[in-house]
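Nothing in this text is a laboratory measurement; each read-out follows from the coordinates by a stated rule. The model shown is predicted, which means the values in this text are computed figures rather than measured ones. Note that we place each Cβ from the backbone using ideal geometry, even for glycine, and neighbour counts take in every protein chain shown.
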Amino acid sequence: MKKILIAISFMVIFLPSCSKSTKTKLVVYLVSDQLTPDIFNKYDSLFTGGFRWLIDNGIRYTNVHHNHANTSTGPGHFALSTGVHPGNGGIIDNEWYDRELKRIYYVVEDTIAKNFSGKDSGRSYRNIKNTSLADWMKENNHKSKVVSLSGKDRSAVLMGGKDPDLALWYDKAGGYTTSDYYFPALPLWIKNFNNNLNVSSYKDSVWTRLKDDHIYAKYARSDDFLGEKIFSKNKKSKAILPFAFRDMSTSSLLRGFYEFPQGDRSLINLAMDAVDRMDLGKDNAPDLLFLGLSATDGVGHHYGPNSVEQLDNYLRLDKNLMHLIDFIDSEIGLDNALFVLSSDHGVMVLPEYLISQKIASGRVNLTYKREVYSDIIRKINLKIGPGKIIDSDNNFYFSRGLSKEESAIATKIIKEMVVSIEGIERALHIDDIVNLPANEENNRLKNMVDRLKSPDVYVLLKKNWIWKSVYGSSHGTHHSYDSHVPLIISRNKSKNKLVDLKAYTVDAPVTIAEILDIDYPKSVDGKPLEVNFIYK
Ligand SMILES: [Zn+2]
């Protein structure tokens with residue numbers, strides 16, 4: 001590779017080293033949804049499996065953030081896959097209002113393609129403009145194979161790139177699926193996998209605590225905490241482990257299976273089958289196995305971080321990841337594999353827990369919010385005429401062709417009125433955002449904006465406030481708890497190392513490309529990180 005490499009983080013410059021490895025036969029790229037970096041300090045002594053192996057054999061970057069403010073699954077995976085800020089790639093959220101289509105547009109929708117199962121419309125990479133790490137690998141060597149698997153379609157699609165050999169996601173109906181963009185039909189071995197998975201049979205099973213009670217008493221907040229989701233309709237039920245799946249309706253279980261640790265375990269089993277079936281890591285052309293582990297997000301949304309449930313989920317993931325690592329050792333040999341672990345976004349701590357710790361926090365009152373938004377639209381309609389502004393997903397979209405004066409009137413009304421809603425920090429027009437002085441938070445805001453697609457006015461939450469009104473936690477803001485994620489790059493027998501230099505998730509795919517010694521577009525936003533340690 002002839003590129004001049006500029007490591008970010010205060011312009012540390014390094015030159016390509018002769019120690020560059022060309023022996024990687026398999027890259028295992030793990031993205032655990034809503035995985036927060038603090039767990040590697042808090043629960044360090046509890047991790048004895050896959051997390052332990054990744055830490056002990058790798059470099060752990062402790063100061064990595066998503067450098068965008070739309071901190072949700074679509075934009076996060078896009079950054080980790082393409083090295084491009086979501087605003088620059090037009091990936092402004094998981095979904096958004098499309099002014100031309102006059103409807104909500106889903107980030108990986110494809111109206112031409114059809115999924116083989118489930119109720120969702122077609123999914124694919126067809127409408128994504130930027131190339132991904134997966135594409136760079138295949139362009140570099142046509143024998144390189146790409147397998148992208150996740151509980152979520154947007155995660156599997158965005159990481160798989162334009163032409164993966166396999167992209168599968170959970171269909172929210174009891175099995176893993178793909179679309180006819182990728183295959184003419186669902187391969188038989190996947191049908192068999194789904195039959196054996198038999199998600200409905202989980203109705204008879206119970207999610208128990210993996211470790212003794214004293215571990216949870218020491219490391220998690222008390223179980224059955226106010227603000228946690230209760231699935232059972234029985235009024236006496238509590239949000240605690242053990243959790244009996246019979247407390248969910250069959251349709252909720254089929255829909256939400258991927259949001260439980262059992263879902264991630266099935267995904268890891270699927271990954272091991274895929275390594276075998278697709279002969280990953282068997283020749284000198286490096287292959288990519290991407291795994292989008294979605295249960296961390298589901299459990300976090302239901303119970304919040306620091307919960308007994310999320311701790312137990314991490315412990316189970318730690319154990320299951322070790323199965324995967326052991327399997328890769330037996331199939332390929334660990335010396336031939338490179339592992340990367342990161343996350344698509346962070347999360348806010350449960351508001352009820354923050355309040356119990358005397359920290360100002362809360363949930364937006366959605367009934368009041370709806371009233372204020374209706375008043376805003378009514379007032380704007382009176383001033384500039386009806387039908388020119390709509391609100392969608394808390395933000396405001398203006399019709400194209402609004403005069404500067406009309407736009408200024410509407411913006412002023414929104415800015416003045418939204419701050420009456422408790423929990424709202426301020427509203428910003430995208431012109432305000434692009435002109436903000438550069439700093440960490442402002443840069444995140446700037447990097448989420450696409451001038452053609454973005455809402456005209458974004459409504460921003462105060463720190464430690466969420467839109468989620470009833471239970472659980474969420475993410476999606478410009479605040480650091482949503483942007484701060486882990487990044488661990490590991491290779492067998494590497495010295496473990498902590499690095500606290502500032503880095504960004506867009507740097508991850510570019511760094512992997514550098515390790516593999518393959519080309520990537522010069523236009524990407526990411527910069528390669530220094531990883532020479534990895535070969536020691
Ligand atoms: Zn989420």
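A few points about this structure:
- Full-stretch length increase - Ser469, Asp273 - with 0.36 nm per residue and alpha-carbon distance subtracted: 66.5 nm
- Exposure proxy ranking, count of Cβ atoms within 10 Å, fewest first, for Ser252, Ser523, Ser81: Ser523, Ser252, Ser81
- Mean projected area of the convex hull spanned by the Cα atoms of the range 409-468, taken over all viewing directions: 4.7 nm².
- Förster-model FRET efficiency, 56 Å R0, Lys522 and Ala408, C-beta, rounded to 0.05: 0.90
- In this structure, the amide hydrogen of Asp525, modeled 1.01 Å from its nitrogen in the peptide plane, lies closer than 5 angstrom to those of Val84, His85, counting only residues at least 5 positions away or on a different chain.
- With R₀ set to 41 Å, the beta-carbon distance separating Ala217 from Leu452 gives a calculated FRET efficiency near 0.20.
- Relative contact order %, the chain, counting alpha carbon pairs below 8 Å whose residues are six or more apart: 30
- Counting neighbouring beta carbons within 10 Å and listing from fewest to most, the residues His77, His479 come out as His479, His77.
- Convex hull of the chain built on C-alpha atoms - directionally averaged projected area, nm²: 24.5
- Label-point separation in nm, Asp283 to Arg370, each point 7 Å along Cα→Cβ: 5.8
- Residues whose amide H falls under 5 Å from that of Asn67, counting only those 5 or more places apart or on a different chain, are Thr505, Val506, with hydrogens built in the peptide plane.
- Ordering Ser117, Leu101, Val147 by Cα displacement along the dipole of the range 87-241 toward the positive end leaves Ser117 in first place; charges were set at the Cβ atoms of Lys, Arg (+1) and Asp, Glu (-1).
- Antiparallel DSSP beta bridges within the chain, as percent of all bridges there, nearest 5: 50
- Arranged from fewest to most other beta-carbon atoms within 10 Å of their beta carbon, Tyr176, Tyr97 become Tyr97, Tyr176.
- Amide H contacts under 5 Å for Asn492: Ala337, restricted to partners 5 or more places along the chain or on a different chain, H placed in the peptide plane at 1.01 Å from N.
- Under 17 Å from the Arg126 label point (7 Å along Cα→beta-carbon), backbone N, the range 66-107: 101, 105-107
- Charge dipole magnitude, Cβ of K and R +1, D and E -1 - the range 58-120, Cα centre, debye nearest 20: 100
- Packing around the peptides 254-263, 350-359, taken as the average count of other Cβ atoms within 10 Å per residue, puts them in this order, highest first: 254-263, 350-359.
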